[in-house]
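Below is one structure, written out as structure tokens, with a few remarks after it.
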Amino acid sequence: MSIRDVYIVDAVRTPIGKFGGALAQARPDDLAAHVVKALVDRTPALDPARVDDVYFGDANGAGEDNRDVARMAVLLAGLPVSVPGVTVNRLCGSGLEAVIQAARAIALGDASVAIAGGVESMSRAPWVLQKPERAFPAGHQQLHSTTLGWRMTNPRMPAEWTVALGEGAELVADRHGLTREQQDAFALASHRKAAEAWAKGLYDDEVVPYPGVDLARDECIRDATSMEALAKLKPAFRTEGGTVTPGNSSPLNDGAAALLLVDEEGLRETGREPLARIRTSAVTGIEPQLFGLGPVAAVRRALEKSGRSFADLRTFELNEAFAAQALGCLAEWPELDPEIVNPRGGAIALGHPLGASGARLAGSVAHQLAAAGSGTGLAALCIGVGQGLALVLER
């Protein structure tokens, strides 16, 4: 059996809303449906019934995104009921995992045309209440927030594995001797690059505004921030000697992203030139508390599988869960030119809607390669509970 080439024809995303902000009134299944519909509408030559499957990443799935949000997106977007949908969960890597699974299905001949993406509404993530161990408890019961991080943790898990995500970033900062000033400078650069990219229209081909919402660009970009302003923020996780603050961390966000993937036959049906071709992917594991360094081995493995090196990369989208986490990864890739990393800003400025971020990264790399005309690009994320995920694209 021959392996088929897989092409990314198009990629779209919503502007990313801040927690409780402009997209807080949008249900996650509606956000997902919006990008699916926008993607299909942008390729009118393709019969929507030709979509073999829709893969969507979703990290929480505890609220309005329950019951297979991918299938809900298909139905709400008005696609034929014959189009199926499956939801995947690799936490922060869910959106990229959806892209990888869709690409794998096409490469193996199980599909010719697929949509892959991700969605998250952290604003609308519900509180959940566990069932009591016995009926009619007399005492108070605890609600758990599903917005972010550990909850209802298994007591068999070692305590060092279940630290808060921000404490995990502090551990990476400790390991690599990263100062507060280095992290703030990285965050400032993220905001400046994002603001400049928007001002230059670099996101115009990628972002599809959500109807009925006045949100022209990503909501968390701070054009006016400065090192002085960032320095005033208090550490969020360590009261003594802490370096990780709200200013050098990604925020809580809402948003969705989707990509159209095809084989050669599907490409002919679209009548379009592809943005990029999918080359290889890799996933690896690491100690859960050091999740921030998860991409280190995944990126090296993906590059090795593709026969490429850091020197071959034209662009690299690395998710910025925390400045400490991103800087820690960069420190372990001394061969990599940091100037090609997140050239249009990263998650600290743009936002990190968990299930959508991986699809956003893959789509951004594809658009950047198309704009350049040729080259190799890479998308990678760290993942809570200790994983790393990477995808290599080419044009």
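Looking at PHE322, PHE310, PHE291, which is the one that is farther than 14 Å from ALA173 by Cα and either modelled with pLDDT under 95 or of a type in the set (Phe, Trp, Tyr) (or both)? Show your work before the answer.
Values: PHE322 fails: farther than 14 Å from ALA173 by Cα; PHE291 fails: farther than 14 Å from ALA173 by Cα.
PHE310 is the lone residue from the list that is farther than 14 Å from ALA173 by Cα and either modelled with pLDDT under 95 or of a type in the set (Phe, Trp, Tyr) (or both).
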| query | If ASP205 passes every condition in (1) over 22 Å from LEU318 (Cα atoms); (2) charged (D, E, K, R); (3) open to solvent by 70 Å² or more (accessible area, probe 1.4 Å) but one, which one does it miss? | reply | (1)
| request: Restrict the check to the stretch 354-372 and report whether at least one residue is on the phi > 0 side of the Ramachandran plot and open to solvent by less than 20 Å² (accessible area, probe 1.4 Å). | output: no
| task | Of the conditions (1) in a helix (DSSP H, G or I); (2) at pLDDT below 95, ARG134 clears all except one; give me its number. | result | (1)
| Hey, ILE383 of a type in the set (A, V, I, L, M), in contact with a strand residue (DSSP E or B) (Cβ under 6 Å, 6 or more places away or on another chain), open to solvent by 10 Å² or more (accessible area, probe 1.4 Å) and more than 22 Å from ALA114 (Cα to Cα) or not | no
| query | In the stretch 340-353, how many are in a helix (DSSP H, G or I) and either free of Cβ contacts under 8 Å to residues at least 12 places away in the same chain or open to solvent by 10 Å² or more (accessible area, probe 1.4 Å) (or both)? | reply | 1
| said: Which condition from (1) touching a Phe, Trp or Tyr at 6+ places or on another chain (Cβ under 9 Å); (2) charged (D, E, K, R); (3) surrounded by fewer than 20 Cβ atoms within 10 Å (Cβ to Cβ) is the one that ASP254 breaks? | reply: (3)
| request: Taking only the stretch 268-277 into account, find how many residues are touching an Asp or Glu at 6+ places or on another chain (Cβ under 6 Å) and in a loop (DSSP other than H, G, I, E, B). | output: 0
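Does the stretch 226-242 contain at least one residue that is in a loop (DSSP other than H, G, I, E, B), β-branched (Val, Ile, Thr) and touching a residue at least 24 places away in the same chain (Cβ under 8 Å)?
The initial filter retains those residues of the stretch 226-242 that are in a loop (DSSP other than H, G, I, E, B), namely 226, 232-242.
Checking which are β-branched (Val, Ile, Thr) leaves us with 239.
Still in the list and also touching a residue at least 24 places away in the same chain (Cβ under 8 Å): none.
Checked against the condition, which is being in a loop (DSSP other than H, G, I, E, B), β-branched (Val, Ile, Thr) and touching a residue at least 24 places away in the same chain (Cβ under 8 Å), the stretch 226-242 yields no hits at all.
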| message | Just the residues that are among the small types (Gly, Ala, Ser) and not in a loop (DSSP other than H, G, I, E, B), please, taken from the stretch 100-131. | response | ALA102, ALA103, ALA105, ALA107, ALA114, ALA116, GLY117, GLY118, SER121
| query | Given (1) open to solvent by less than 60 Å² (accessible area, probe 1.4 Å); (2) closer than 22 Å to ARG360 by Cα; (3) in a helix (DSSP H, G or I), where does ALA49 come up short, assuming only one miss? | reply | (2)
| said: If I ask for residues that are loosely packed, with under 10 Cβ neighbours inside 10 Å and under 21 Å from ALA189 (Cα atoms), which ones from the stretch 233-245 would you list? | reply: LYS234
| Among the residues of the stretch 54-64, is there at least one that is open to solvent by 50 Å² or more (accessible area, probe 1.4 Å), in contact with a Leu (Cβ under 8 Å, 6 or more places away or on another chain) and in a loop (DSSP other than H, G, I, E, B)? | no
| Applying the selection to the stretch 75-99, what residues are assigned to a helix (DSSP H, G or I) and surrounded by fewer than 22 Cβ atoms within 10 Å (Cβ to Cβ)? | LEU75, LEU76
| task | For the stretch 211-232, enumerate the residues that are open to solvent by less than 30 Å² (accessible area, probe 1.4 Å) and within 28 Å of HIS34 (Cα to Cα). | result | LEU215, ASP218, CYS220, ILE221
| request: Scan the stretch 279-297 for residues that are open to solvent by 20 Å² or more (accessible area, probe 1.4 Å) and either within 26 Å of LEU108 (Cα to Cα) or without any contact (Cβ under 8 Å) to a residue 40 or more places away in the chain (or both) and report the count. | output: 6
| note | In the stretch 119-147, anything in contact with a helix residue (DSSP H, G or I) (Cβ under 7 Å, 6 or more places away or on another chain) and either on the phi > 0 side of the Ramachandran plot or open to solvent by 60 Å² or more (accessible area, probe 1.4 Å) (or both) is listed as ARG124
| request: Quickly run through the stretch 278-311 and pick out the residues that are touching a Gly at 6+ places or on another chain (Cβ under 8 Å), under 29 Å from GLU264 (Cα atoms) and assigned to a helix (DSSP H, G or I). | output: ALA298, VAL299
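The values are calculated or read from the model by the stated rules, or taken from the named source; none is laboratory data. Everything numeric here is computed off the predicted structure, so don't read it as measured data. Cβ sites come from the backbone with ideal geometry, for glycine too, and all protein chains shown count toward neighbours. The protein model used for the area step is the full one, side chains on, heavy atoms only, and it has no ligands, DNA or RNA in it. Shrake-Rupley method; radii C 1.70, N 1.55, O 1.52, S 1.80 Å.
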